[in-house]
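Visitor: Would you mind keeping the following structure in view while I ask a few things?
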Amino acid sequence: MTKLFLILSLVFTFTQSFADGDYHYFVDLTKASNDKLTITLIPPDLTENETLFMFPAMVPGTYEVYDFGRFVSNFKATGKDGKIITIEKIDKNTYKLTPANAIKEISYEVEDTWDTEIKEKVVFEPGGTNIEDGKNFAINTHGFFGYFKNKIEAKFILEFTKPQGFYPSTSISNINCGLTKDVLSIYNYHDLIDAPIMYCKPDTTTIKIGNSKILLSVYSTTGLITSKFISRNLQELLFAQAEYLGGILPIDKYAFLFYFTDKASLSGSNGALEHSYSSFYFLPEADTTVLAQEIRDVSAHEFFHIVTPLNIHSKEIGDFDFNKPQMSKHLWLYEGLTEYAAHHMQVKTGLIEYDAFFDVMITKMKNARNFNDTVPFTKMSKYVLDKYKPQYPNVYEKGALIGMCLDIMLRYYSNGKYGTQELMYDLSKQYGKSTSFNDDDLFDDIEKLSFKEVRYFLNSYVDGNKPLPFKEVFNMVGMNYTETRTEEKITLGGISVGYNPTTNHLIVVNTDKLDAFGKKLNFKEGDEIITFNNRKLSLENIKEVLGGYMENAKAGDKLIIEVLRKDKNGNEKTKLLKAKIKPVAVTETDILELNDKATEQQLKARKEWLGIN
Ligand SMILES: [Zn+2]
C-alpha cells in the first residue's frame with residue numbers, strides 16, 4: 001500500500017509539473033541520427049498572442065557571435081486542440097509564433113557544431129556541441145535549448161533519455177539520475193546556459209577542497225587520458241588556488257569537463273570555455289608529460305573565473321543579452337587579471353620557479369607587440385565584437401600585463417600588504433554574484449580601496465592610450481627592465497631546428513633569420529645535423545652539447561658541423577660546414593634583471609609580490 005501510494009503521488013507530481021510556468025525539454029540521446037538530435041519542448045504557459053522563440057546569437061566568454069540558430073532545422077510547432085501555429089523565421093536565431101497561447105509543443109532538430117558541414121564561422125569547440133552516437137554528447141546547453149524572449153526567468157526542466165551506463169557530468173546540482181532517464185532542473189535560462197553537460201560513460205574523480213566538491217570528468221577518444229591522471233595533475237594546483245584565494249573557495253560545487261580528441265579540430269584550435277561553476281575543455285590527446293603543464297595553465301585560468309566575472313562583473317555581463325550582446329569596457333579585468341592570477345598563483349604558492357614565471361610574463365610582452373598598443377584597452381574591450389575583433393587575443397597578453405603592473409603597484413604603495421589578490425577579494429565582497437557594477441564606476445571603486453597613483457595608472461594606461469610603464473613598475477620591485485638591447489653574441493647562426501624521429505637527427509627547418517655567422521657556415525633548410533664539433537648530436541644530448549658551446553665558445557675558435565644534405569637528384573651526401581666563430585650583433589627585447597641596489601621598500605614589495613620567504 002505504502003509503495004503504491006508513493007507511486008501514485010509520484011505520477012501526480014509528474015503530471016502536475018506540466019501545468020506550470022516551466023520549460024519542459026525532452027531529448028532522446030539514444031535516437032541520434034546523422035549527427036542530429038531531436039529536441040521537444042512543452043512550453044511554459046504563454047498568455048500573449050505573439051511570441052519570439054530564440055536561440056542565442058552569442059554566449060558569455062566566447063566574445064564571438066556564433067548564431068547557434070544556424071544549427072537548428074525542421075522547426076515545428078503544434079497547437080492545442082488542433083489549432084494551427086504560424087511560424088515565421090525572423091532571423092538566423094529567431095522564430096515568431098502565433099498564436100503563442102495555443103502552443104502545445106515545439107520540436108526541432110539540432111546538428112552538432114564539432115563536425116558540421118557549415119564551415120562558415122566555425123564554433124570554437126569548447127563552446128560548441130558534439131553528437132557522437134553511443135559515445136559522447138557535449139551538451140553546451142546554448143546549442144540545444146532556446147527561450148521565449150519574454151520568459152527568460154522561468155525554470156527549465158530537461159529530461160534526457162540516455163544509453164545505459166551514460167552519466168551527465170555537470171555543475172547542475174538538481175539532478176535525478178535513473179538507469180535510462182535523467183531529469184535536470186535549472187533555475188532560469190542564464191543558469192542553464194552557464195552549465196554545460198557532458199554525457200558519456202563516466203570516468204570521473206572528485207576532489208574535496210574544504211567544503212567545495214570539485215568534479216573532474218574525462219572523455220578521451222582513445223582512452224589515453226584518464227580522470228586519475230587529471231586528478232594527480234590538478235590536485236596540488238587546486239589546493240594552491242584555494243590558498244591564493246584566502247583558503248576558502250567561493251563555490252560549493254565545480255565541474256571540470258574534459259574532452260580529449262585524437263583528431264584535428266574543425267576550428268583549428270583547442271582550449272576551454274569558462275562558466276561560473278564549471279569549465280569545458282577540448283584538448284588534444286598528447287603525450288601526458290607535454291600536456292601536464294598546459295592543462296595546469298588553462299585549468300588555473302578557467303577556474304579563476306569563479307572570482308571574475310562570477311563575483312565581479314558589470315551590468316553587461318550580469319544581465320547578459322544572448323541575442324543583442326553588449327560588451328563591457330573591462331576585459332582587462334575579466335580575462336587579463338584572470339590570466340595573470342593563473343600564473344602568479346603558481347609562482348606565489350611555489351608550484352613554479354621564479355624564472356618560469358618571468359619567462360611567461362616576458363613572452364606576453366613579446367606577444368603583445370603583435371597588437372595595436374595605441375587603442376585604449378577599455379575601448380578595445382567595448383568594441384571587441386566588431387571594430388577591434390582582431391585585438392581580442394591581446395586580453396591574454398597585454399591584459400595579463402596590466403594585471404601584473406597593477407599588482408606590483410599595489411604591493412609597492414601598500415608596503416607589501418595589499419595586492420590584486422586582496423583587491424579582488426574586496427571587490428567580490430563589495431559586489432558579489434548578484435550585484436553588477438556600472439562600467440564607469442569601477443575605477444572609482446578601485447581607487448577607494450587603494451591609492452591615487454593606482455587611479456592615475458588606470459586612467460593613463462588602461463583607459464588611456466599610453467604603453468605600459470614597465471620600467472617604472474619593475475623599479476618598484478627592485479628590478480631593471482630594458483625594452484631593447486643590442487649585444488655582440490655567439491650564436492648558432494640563427495637557424496631554427498626541428499627533429500627527425502626516423503633518423504634521430506636534428507634538422508634545420510628554417511633559415512629565414514640566418515645571421516652573418518650562419519651565412520658563413522652556409523646552412524641549408526633540410527640539413528640533418530650529424531655531428532657538432534665532432535660530437536654526435538641527438539635529442540638526448542642536445543642541451544648539453546649546444547648549451548656547452550654557447551657557454552664556452554670564444555671568438556676565433558673553429559666550429560665544424562657535419563650535415564647530411566640532399567643534392568639536386570635527391571641523393572644524400574655528408575658535408576662539412578666550417579667557420580671561425582664570430583660574434584654577431586643580436587637585439588633582444590624585454591630584458592628583466594635584478595637591481596642589486598634596491599631599496600628596503602622595493603625589496604619588501606618584491607618579497608610580498610612573489611611570496612619569497
Ligand atoms: Zn578566460
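The values are calculated or read from the model by the stated rules, or taken from the named source; none is laboratory data. This is a predicted model, so every value here is computed, not measured. Neighbour counts run over all protein chains shown; Cβ positions are idealised from the backbone, glycine included. Areas reflect the complete protein model, heavy atoms only, side chains present, ligands, DNA and RNA absent. Shrake-Rupley method; radii C 1.70, N 1.55, O 1.52, S 1.80 Å.
Visitor: What is the one condition in (1) in contact (Cβ under 8 Å) with a residue 40 or more places away in the chain; (2) open to solvent by 40 Å² or more (accessible area, probe 1.4 Å); (3) within 16 Å of the ligand (Cβ to nearest atom) that PHE280 does not satisfy?
Guide: (2)
Visitor: With respect to LEU257, determine if the residue is over 26 Å from TRP332 (Cβ atoms), within 16 Å of the ligand (Cβ to nearest atom), open to solvent by less than 20 Å² (accessible area, probe 1.4 Å) and not basic (Lys, Arg). Break it down stepwise before answering.
Guide: Values: over 26 Å from TRP332 (Cβ atoms): yes; within 16 Å of the ligand (Cβ to nearest atom): yes; open to solvent by less than 20 Å² (accessible area, probe 1.4 Å): yes; not basic (Lys, Arg): yes.
When the stated conditions are applied, LEU257 passes them.
Visitor: Would you check if LYS121 is of a type outside the set (A, V, I, L, M), open to solvent by 30 Å² or more (accessible area, probe 1.4 Å) and closer than 20 Å to ALA272 by Cα?
Guide: Values: of a type outside the set (A, V, I, L, M): yes; open to solvent by 30 Å² or more (accessible area, probe 1.4 Å): yes; closer than 20 Å to ALA272 by Cα: yes.
When the stated conditions are applied, LYS121 passes them.
Visitor: Hey, does the stretch 283-300 have a residue that's surrounded by fewer than 20 Cβ atoms within 10 Å (Cβ to Cβ) and within 14 Å of the ligand (Cβ to nearest atom)?
Guide: yes
Visitor: Another one. Which numbered condition trips up TRP114, out of (1) assigned to a loop (DSSP other than H, G, I, E, B); (2) within 16 Å of the ligand (Cβ to nearest atom)?
Guide: (2)
Visitor: Among residues belonging to the stretch 158-175 that are closer than 23 Å to TYR147 by Cα and open to solvent by 40 Å² or more (accessible area, probe 1.4 Å), point out the one that is modelled with the lowest pLDDT.
Guide: Of everything passing the filter in the stretch 158-175, SER173 is modelled with the lowest pLDDT.
Visitor: Based on what the data block shows, is THR484 assigned to a strand (DSSP E or B), surrounded by fewer than 19 Cβ atoms within 10 Å (Cβ to Cβ) and touching an Asp or Glu at 6+ places or on another chain (Cβ under 9 Å)? If you could, list the steps in order and put the result at the bottom.
Guide: Numbers: assigned to a strand (DSSP E or B): yes; surrounded by fewer than 19 Cβ atoms within 10 Å (Cβ to Cβ): yes; touching an Asp or Glu at 6+ places or on another chain (Cβ under 9 Å): yes.
It is true that THR484 is assigned to a strand (DSSP E or B), surrounded by fewer than 19 Cβ atoms within 10 Å (Cβ to Cβ) and touching an Asp or Glu at 6+ places or on another chain (Cβ under 9 Å).
Visitor: Being more than 16 Å from the ligand (Cβ to nearest atom), among the hydroxyl-bearing types (Ser, Thr, Tyr) and open to solvent by 60 Å² or more (accessible area, probe 1.4 Å) narrows it down to one residue among THR226, THR222; which is it? Show your work before the answer.
Guide: Values: THR226 fails: open to solvent by 60 Å² or more (accessible area, probe 1.4 Å).
Sole residue among the options that is more than 16 Å from the ligand (Cβ to nearest atom), among the hydroxyl-bearing types (Ser, Thr, Tyr) and open to solvent by 60 Å² or more (accessible area, probe 1.4 Å): THR222.
Visitor: Of the conditions (1) open to solvent by less than 20 Å² (accessible area, probe 1.4 Å); (2) modelled with pLDDT under 95, SER9 satisfies every one except a single condition; which number is it?
Guide: (1)
Visitor: Out of the stretch 53-80, which residues are away from the ligand (no atom under 16 Å from the Cβ) and of a type in the set (A, V, I, L, M)? Before you say what the answer is, go through the steps one by one.
Guide: We begin by selecting, within the stretch 53-80, every residue away from the ligand (no atom under 16 Å from the Cβ); these are 53-57, 65-80.
Result: MET54, ALA57, VAL65, VAL72, ALA77.
Visitor: When you scan the stretch 42-52, do you find a residue that is touching a helix residue (DSSP H, G or I) at 6+ places or on another chain (Cβ under 9 Å), buried (at least 21 other Cβ atoms within 10 Å of the Cβ) and assigned to a loop (DSSP other than H, G, I, E, B), even just one?
Guide: Yes, some residue in the stretch 42-52 is touching a helix residue (DSSP H, G or I) at 6+ places or on another chain (Cβ under 9 Å), buried (at least 21 other Cβ atoms within 10 Å of the Cβ) and assigned to a loop (DSSP other than H, G, I, E, B).
Visitor: Right, something else. When only residues in the stretch 324-350 that are surrounded by fewer than 19 Cβ atoms within 10 Å (Cβ to Cβ) and over 20 Å from THR378 (Cβ atoms) count, which is nearest to the ligand (Cβ to nearest atom)?
Guide: Taking the candidates together, the pick is THR349.
Visitor: Same structure, new question: Of (1) under 36 Å from the mean Cα position of the chain (by Cα); (2) in contact (Cβ under 8 Å) with a residue 60 or more places away in the chain; (3) over 30 Å from THR420 (Cβ atoms), LYS607 satisfies all except one. Which?
Guide: (3)
Visitor: Now a separate question. Of all strands (runs of 3 or more DSSP E) completely enclosed by the stretch 507-613, which ones contain at least 2 residues that are open to solvent by 70 Å² or more (accessible area, probe 1.4 Å) and over 30 Å from TYR340 (Cβ atoms)?
Guide: Working: elements: 528-532, 558-566, 572-580, 584-594.
Ranges flagged: 558-566, 572-580.
Visitor: Which ones in the stretch 351-366 are within 16 Å of the ligand (Cβ to nearest atom) and either more than 27 Å from LEU238 (Cβ to Cβ) or not aliphatic (A, V, I, L, M) (or both)? Let's see the steps before the verdict.
Guide: The initial filter retains those residues of the stretch 351-366 that are within 16 Å of the ligand (Cβ to nearest atom), namely 360, 364.
Matches in the stretch 351-366: LYS364 only.
Visitor: Would you tally the residues in the stretch 18-41 being over 17 Å from ASN101 (Cβ atoms), open to solvent by 10 Å² or more (accessible area, probe 1.4 Å) and of a type in the set (Phe, Trp, Tyr)?
Guide: 1
Visitor: Could you check the stretch 528-538 and list, in sequence order, the residues that are more than 15 Å from LYS558 (Cα to Cα) and out of contact with any His (no Cβ under 9 Å at 6 or more places or on another chain)?
Guide: Hit for the stretch 528-538 is LYS536, nothing else.
Visitor: Same structure again: So ALA264 clears everything in (1) more than 16 Å from the ligand (Cβ to nearest atom); (2) touching an Asp or Glu at 6+ places or on another chain (Cβ under 8 Å) except one condition, right? Which one?
Guide: If we test ALA264 against (1) more than 16 Å from the ligand (Cβ to nearest atom); (2) touching an Asp or Glu at 6+ places or on another chain (Cβ under 8 Å), just (2) comes out false.
Visitor: Another question about this same structure. Taking strands (runs of 3 or more DSSP E) that do not extend beyond the stretch 148-208, which have at least 3 residues that are within 23 Å of the chain's Cα centre (by Cα) and under 14 Å from ALA255 (Cβ atoms)? Explain how you work it out, then say what you get.
Guide: Values: elements: 156-161, 167-170, 175-177, 181-186, 197-200.
So the answer is 167-170, 197-200.
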